[in-house]
Amino acid sequence: MKETLLVKHAVGGRTFIDTGKQSVEYKLEQSGDNYKFTLSVPPDSNVEEILRWKSELNVFVFYEFDDHPTKKVWFYVKDGPVAYDPQNKQLTIVAQSKIEYVPDLFHASV
């Protein structure tokens, strides 16, 4: 199984972090109704942009399998918190909701 994490601007669609293109260590923890992502990233312009647009973020995790369709999980960051700890080089993003779906199982009807 291959796992990919994306952090995107919800409105503009700009991708800030894509673990399929750059190596980023992260962990996901569920706490009640919240989902906390902790990412190990250096302070750079992407971190600055994430903090700037912290109320308009979407986080996606894609699970790709050899024997069945990709499962996508969409996390919506409404009220955060979103914070960066420069001393430990850790970005924390807390999402309040998620939707799991398999794109191959969605069919458009006319």
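The values are calculated or read from the model by the stated rules, or taken from the named source; none is laboratory data. None of the values given here were measured: they were computed from a predicted structure. Note that each Cβ is placed from the backbone with ideal geometry, even for glycine, and that neighbours are counted across all protein chains shown. For accessibility, only protein heavy atoms count, side chains too; no ligands or nucleic acids. Shrake-Rupley method; radii C 1.70, N 1.55, O 1.52, S 1.80 Å.
Taking the conditions exactly as written (modelled with pLDDT of 95 or more, touching a Phe, Trp or Tyr at 6+ places or on another chain (Cβ under 7 Å) and open to solvent by less than 80 Å² (accessible area, probe 1.4 Å)), does Ile93 satisfy them or not?
Values: modelled with pLDDT of 95 or more: yes; touching a Phe, Trp or Tyr at 6+ places or on another chain (Cβ under 7 Å): yes; open to solvent by less than 80 Å² (accessible area, probe 1.4 Å): yes.
Taking the combined requirement at face value, the residue satisfies it.
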Exercise. Is at least one residue of the stretch 30-38 assigned to a loop (DSSP other than H, G, I, E, B) and either out of contact with any helix residue (DSSP H, G or I) (no Cβ under 8 Å at 6 or more places or on another chain) or among the acidic types (Asp, Glu) (or both)?
Worked result: yes
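Regarding the stretch 55-66, can at least one residue be identified that is among the aromatic types (Phe, Trp, Tyr) and more than 20 Å from Lys2 (Cβ to Cβ)?
Step one: filter the stretch 55-66 for residues among the aromatic types (Phe, Trp, Tyr), giving 60, 62-63, 65.
Among the residues that remain, those that are also more than 20 Å from Lys2 (Cβ to Cβ) are: none.
Taking every residue of the stretch 55-66 in turn, none turns out to be among the aromatic types (Phe, Trp, Tyr) and more than 20 Å from Lys2 (Cβ to Cβ).
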Exercise. Does Val102 count as touching a residue at least 12 places away in the same chain (Cβ under 8 Å) and out of contact with any Phe, Trp or Tyr (no Cβ under 8 Å at 6 or more places or on another chain)?
Worked result: yes
Exercise. Under 6 Å by Cβ, and 6 or more places apart or on different chains, what pairs join a residue from the stretch 71-84 that is at positive phi with one that is open to solvent by 70 Å² or more (accessible area, probe 1.4 Å)?
Worked result: Gly80/Lys54
Seminar exercise, completed: The residue that is nearest to Phe16 (Cα to Cα), considering only those in the stretch 49-90 that are part of a loop (DSSP other than H, G, I, E, B) and open to solvent by less than 80 Å² (accessible area, probe 1.4 Å), is Trp53
For this session: With the condition kept exactly as written, say whether any residue in the stretch 24-35 is under 13 Å from the mean Cα position of the chain (by Cα) and aromatic (Phe, Trp, Tyr).
Result: yes
Exercise. In the stretch 29-46, which residue that is without any contact (Cβ under 8 Å) to a residue 12 or more places away in the chain and among the polar types (S, T, N, Q) is most open to solvent (accessible area, probe 1.4 Å)?
Worked result: Gln30
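Out of the residues in the stretch 1-26 that are charged (D, E, K, R) and farther than 19 Å from Pro86 by Cβ, state the one that is least open to solvent (accessible area, probe 1.4 Å). Please lay out each step first, then the result.
Pass one, the stretch 1-26, residues charged (D, E, K, R): 2-3, 8, 14, 18, 21, 25.
Filter again for farther than 19 Å from Pro86 by Cβ, leaving 2-3, 8, 14, 18, 21.
Working: Lys2: 109, Glu3: 82, Lys8: 52, Arg14: 107, Asp18: 27, Lys21: 175 Å².
Among residues in the stretch 1-26 that are charged (D, E, K, R) and farther than 19 Å from Pro86 by Cβ, the one least open to solvent (accessible area, probe 1.4 Å) is Asp18.
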